[in-house]
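The structure appears right after this line, and notes come after that.
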Amino acid sequence: MEKINQRDKQTLHFLKWIRQYSGWWYLICTPEDEHMNAEMMKMLVKRLAKEQLYELIFVLLMVHRKAKFMEHIFDYLLLELVIQNLRGEVKTENQIFEEIVSLLE
């Protein structure tokens, strides 16, 4: 039997996560869902970061980018990333996601 490569392992992890958390997967993919709010977004970002499902965080943020509670987050993050880049600073994925969570509070 052929060994499973790293990408296949990630895909399996992703699909198992969807199976286990199908309700959250629905929220991630459904814009303007009545259950999505800043608290839910914060919880999902934390959970996805813990599971290292970074691509899903991007999907989550993009699907809900027009939500009222998200309007200032992208502007702030863009400015922060440009400022940090000009200073020669680099943030890890987890630091960026922690910043998103703090902006949702």
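The values are calculated or read from the model by the stated rules, or taken from the named source; none is laboratory data. These figures come from a predicted structure and were not determined experimentally. Here Cβ is always computed from backbone atoms with ideal geometry, including for glycine, and neighbour counts include all displayed protein chains.
Things worth noting here:
- Matching option when the condition is in a loop (DSSP other than H, G, I, E, B), modelled with pLDDT under 95 and either on the phi > 0 side of the Ramachandran plot or not small (G, A, S) (or both), among V90, V45: V90
- Residues in the stretch 30-42 that are part of a helix (DSSP H, G or I) and either at pLDDT 95 or above or in contact with a Leu (Cβ under 7 Å, 6 or more places away or on another chain) (or both): A38, M40, M41, K42.
- Here L12, L48, L27 are screened, and the one residue that is surrounded by 11 or more Cβ atoms within 10 Å (Cβ to Cβ) and either under 15 Å from I100 (Cβ atoms) or in contact with a Pro (Cβ under 7 Å, 6 or more places away or on another chain) (or both) is L48.
- Total residues in the stretch 33-64, condition among the β-branched types (V, I, T) and over 10 Å from the mean Cα position of the chain (by Cα): 1
- Residue within the stretch 69-85 that is at pLDDT 90 or above and either of a type in the set (G, A, S) or part of a helix (DSSP H, G or I) (or both) present: no
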